[in-house]
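The values are calculated or read from the model by the stated rules, or taken from the named source; none is laboratory data. These numbers come from a predicted model, not from an experiment. Here the Cβ positions follow ideal geometry from the backbone for every residue, glycine too, while neighbour counts run over all protein chains shown. Note: areas computed on protein heavy atoms with side chains; ligands, DNA, RNA excluded. Shrake-Rupley method; radii C 1.70, N 1.55, O 1.52, S 1.80 Å.
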Amino acid sequence: MKKKLLILILFVISAVLVGCSSENAESNGSQSLTWASGAQGGGWYTMAGGISSLIKEENGINISTIPGGSLQNMPFIAKNEAQLAWMQPPFIQAGIEGAEPFDQKFDKVSIIGNGFGTNHFHFVINEKSPYNSIDEIFKDLKNVSIAVTPVNNSDEWVFKKVLEFYKTDYDEIKAAGGKIIHGSYQEQTDALRNGNIESVFSQLSLPAASITEASVSKKIKILPLSEELISYLEQFGLDSNTIPAGTYQDVVNGNEDIKTASMGNVLTVNSDLDEETVYNITKTINENTDKLINIHASLSVYDPKNAILNLTAPLHPGAEKYYKEKGYLK
């Protein structure tokens, strides 16, 4: 009888200890989240990984980074397949409204902050190419030999808008003898370096690691977008911008300002993620801005005071709580 009683007491004590351990784990924030970023080799992927490490150090939250893009990340967030995601204003608004490029409306999308740098479009070409403008390339479609991200990615969606501007499409280019391949930023860089294609169209934070890598092993130049092309893209929510001189020291024309289009970076979150977790994530990011530049140079422009401006979706209550505490939000 005493033996049975002792076993029962030990069992109860073990159960209590396990329960306490679980509660402590939860109170220490040892939960697991997923962050949908961008293609491997791009700025979004690097930034998500770096900020995730910072959040884990501060709060014990484990965040795994998965590849994605603005178009893929909207359903990732809405369906809670990812709890955090990089997105861009035109696609957030389009997803909520069910407008192009989406064919349905998405909800459960909230924002932690805006202003996490800007992604610039790069039209990179082999330096040996005789073309000095994008217009020249599209005058004869057999000249088109380009790599872009996979279909239904934000880069690829914008590239199709570029093709619309030049009144052409994939089928016409291929029929004329042109070449288009789809792949990650690393695969694009490899194809350019190996001579499998002559140019790359990509949307990247400055300075882009894949462009820097390509310029070290191969002489390349970045073609400017014409004012007419930029104006056409602005109707879809893109902005006119410039890749500043000196951004890429090894690019042939890297000592010049290069006109292009761009889109800003927004950190979104699933609306159902609990307020405390989002508050802690928001606080960690905004109170460690000095560390952000070490993650990616483009994050040097991030300012907590501006994180609440020009939002195309509501702030998450957890983020709103933090910004109100700091006086950024009334």
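Looking at the structure I just gave you, is Tyr170 closer than 14 Å to Val144 by Cβ, touching a strand residue (DSSP E or B) at 6+ places or on another chain (Cβ under 9 Å), open to solvent by less than 50 Å² (accessible area, probe 1.4 Å) and aromatic (Phe, Trp, Tyr)? Considered against the rule, which asks whether it is closer than 14 Å to Val144 by Cβ, touching a strand residue (DSSP E or B) at 6+ places or on another chain (Cβ under 9 Å), open to solvent by less than 50 Å² (accessible area, probe 1.4 Å) and aromatic (Phe, Trp, Tyr), Tyr170 comes out as yes.
For segment 60-94, a tally of residues being assigned to a strand (DSSP E or B), surrounded by 23 or more Cβ atoms within 10 Å (Cβ to Cβ) and of a type in the set (S, T, N, Q) returns 1. Would you be able to say whether some residue in segment 191-208 is in a helix (DSSP H, G or I), closer than 15 Å to Ser145 by Cα and in contact with a Gly (Cβ under 9 Å, 6 or more places away or on another chain)? Yes - at least one qualifying residue is present in segment 191-208. The set of residues in segment 99-145 being part of a loop (DSSP other than H, G, I, E, B) and under 25 Å from the mean Cα position of the chain (by Cα) consists of Ala99, Glu100, Pro101, Phe102, Asp103, Gln104, Lys105, Phe106, Asp107, Lys108.
What do you reckon, is Leu54 on the phi < 0 side of the Ramachandran plot and either at pLDDT below 80 or of a type in the set (Lys, Arg) (or both)?
Numbers: on the phi < 0 side of the Ramachandran plot: yes; either at pLDDT below 80 or of a type in the set (Lys, Arg) (or both): no.
Against the criterion (on the phi < 0 side of the Ramachandran plot and either at pLDDT below 80 or of a type in the set (Lys, Arg) (or both)), Leu54 does not qualify.
If you go through segment 278-315 and keep only what is assigned to a helix (DSSP H, G or I) and either closer than 17 Å to Ala36 by Cβ or aliphatic (A, V, I, L, M) (or both), you end up with Val278, Ile281, Ile285, Leu292, Ile293, Ile295, Ala297, Leu299, Val301.
Among the candidates Pro224, Pro244, Pro317, single out the residue that is farther than 30 Å from Asn194 by Cα and open to solvent by 10 Å² or more (accessible area, probe 1.4 Å). Among Pro224, Pro244, Pro317, only Pro317 is farther than 30 Å from Asn194 by Cα and open to solvent by 10 Å² or more (accessible area, probe 1.4 Å).
Quick one: in segment 217-233, which of the residues that are assigned to a helix (DSSP H, G or I) and within 22 Å of the chain's Cα centre (by Cα) is farthest from Trp86 (Cα to Cα)?
Pass one, segment 217-233, residues assigned to a helix (DSSP H, G or I): 217, 227-233.
If we keep only those that are within 22 Å of the chain's Cα centre (by Cα) too, we end up with 230, 233.
On the way: Ile230: 23, Leu233: 21 Å.
Checking each candidate, the answer is Ile230.
Taking segment 267-277 as the range and being of a type in the set (Ser, Thr, Tyr) and part of a helix (DSSP H, G or I) as the test, only Thr277 passes.
The set of residues in segment 173-213 being within 15 Å of Val251 (Cβ to Cβ), under 16 Å from the mean Cα position of the chain (by Cα) and open to solvent by 60 Å² or more (accessible area, probe 1.4 Å) consists of Ala209 alone. Quick one: which residue in Gly327, Gly237 is on the phi > 0 side of the Ramachandran plot, surrounded by fewer than 20 Cβ atoms within 10 Å (Cβ to Cβ) and without any contact (Cβ under 8 Å) to a residue 12 or more places away in the chain? After ruling out the rest, the residue left standing is Gly327.
The residue that is nearest to Glu100 (Cα to Cα), counting only those in segment 129-158 that are surrounded by fewer than 18 Cβ atoms within 10 Å (Cβ to Cβ) and among the small types (Gly, Ala, Ser), is Ser133.
Would you be able to tell me the number of residues in segment 223-254 that are among the hydrophobic types (A, V, I, L, M, F, W, C) and closer than 18 Å to Asp190 by Cβ?
In the first step, residues of segment 223-254 are kept if they are among the hydrophobic types (A, V, I, L, M, F, W, C); the result is 223, 225, 229-230, 233, 236, 238, 243, 245, 251-252.
Checking the rest, the ones that are also closer than 18 Å to Asp190 by Cβ come to 251.
Result for segment 223-254: 1.
Determine whether segment 155-170 contains at least one residue that is at pLDDT 90 or above, over 19 Å from the mean Cα position of the chain (by Cα) and in a strand (DSSP E or B). Within segment 155-170, none of the residues are at pLDDT 90 or above, over 19 Å from the mean Cα position of the chain (by Cα) and in a strand (DSSP E or B).
This table checks each residue for (1) open to solvent by 60 Å² or more (accessible area, probe 1.4 Å); (2) in contact (Cβ under 8 Å) with a residue 60 or more places away in the chain; (3) part of a strand (DSSP E or B).
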| position | (1), (2), (3) |
| --- | --- |
| Ser215 | no, no, no |
| Gln249 | yes, no, no |
| Thr260 | no, yes, yes |
| Gly264 | no, yes, yes |
